[in-house]
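Taking it in order: structure first as structure tokens, then the write-up.
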Amino acid sequence: MISFLRRLFARGTPQITPAHLRDAAAIAALHAASFHRGWSDEEVENLLLDPQVLVHSLRVGGAFAGFVMSRSAADEAEILSIAVSRRCQGRGLARRMLDIHMGRLAALGVKSLFLEVAENNGPAIALYRRAGFQDVAKRPNYYPLPGGATAAALVLRRDIA
């Protein structure tokens, strides 16, 4: 019973806010834990300093738990990455982050949003499909996998304005 209560109260209230430069190390660490090729702290810092890049961070109980990042050009944007820590997965937080992020992009004048996702990433594909993204292309042998194999990238699109 005590472990149940600890888990319940450890969850805390999720907060989704614009990311700051001080989040760079946490974003880089989560990205590295979530993807085959992670980003360095310096790469994340450069992205956070780029005026065309929009980043939202997720905190649960005050602790960093996720992020979503996109880059815009004219009236289009591309999601560069989205990740939620393992301890917070399965709670709909990625969708909440994505919805807030898309709302902000729309407010900035973005009309179309694109992304690439590995064809074998079922949870991410399900997230994007539920959010209204549609297939527009497929890039064969795009993502390297352990052991030298590769996975195709699905290119998805959604109008947000």
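Among the residues of segment 22-53, how many are open to solvent by 30 Å² or more (accessible area, probe 1.4 Å) and under 19 Å from Arg104 (Cα atoms)? So the count comes out to 5.
Arg139 - would you say it is within 20 Å of Glu76 (Cβ to Cβ) and among the basic types (Lys, Arg)? It would help to see each step written out before you state the result.
On the way: within 20 Å of Glu76 (Cβ to Cβ): yes; among the basic types (Lys, Arg): yes.
The answer is yes for Arg139.
Residues that are touching an Asp or Glu at 6+ places or on another chain (Cβ under 9 Å) and farther than 17 Å from Leu98 by Cβ within segment 57-79 comprise just one, Phe64. Applying the criterion of at least 2 residues that are under 24 Å from His36 (Cα atoms), charged (D, E, K, R) and open to solvent by 20 Å² or more (accessible area, probe 1.4 Å) to the strands (runs of 3 or more DSSP E) found wholly in segment 103-161 leaves 134-144. Taken over segment 12-70, residues that are closer than 27 Å to Ala149 by Cβ and outside any loop (DSSP other than H, G, I, E, B) amount to 9.
The values are calculated or read from the model by the stated rules, or taken from the named source; none is laboratory data. Keep in mind it's a predicted model, so treat the numbers as computed, not measured. Quick reminder, even Gly has a Cβ in these numbers, built from the backbone with ideal geometry, and neighbours come from all protein chains shown. Ligands, DNA and RNA are stripped out before the accessible areas are found, and what is left, the full protein with its side chains, is counted by its heavy atoms. Shrake-Rupley method; radii C 1.70, N 1.55, O 1.52, S 1.80 Å.
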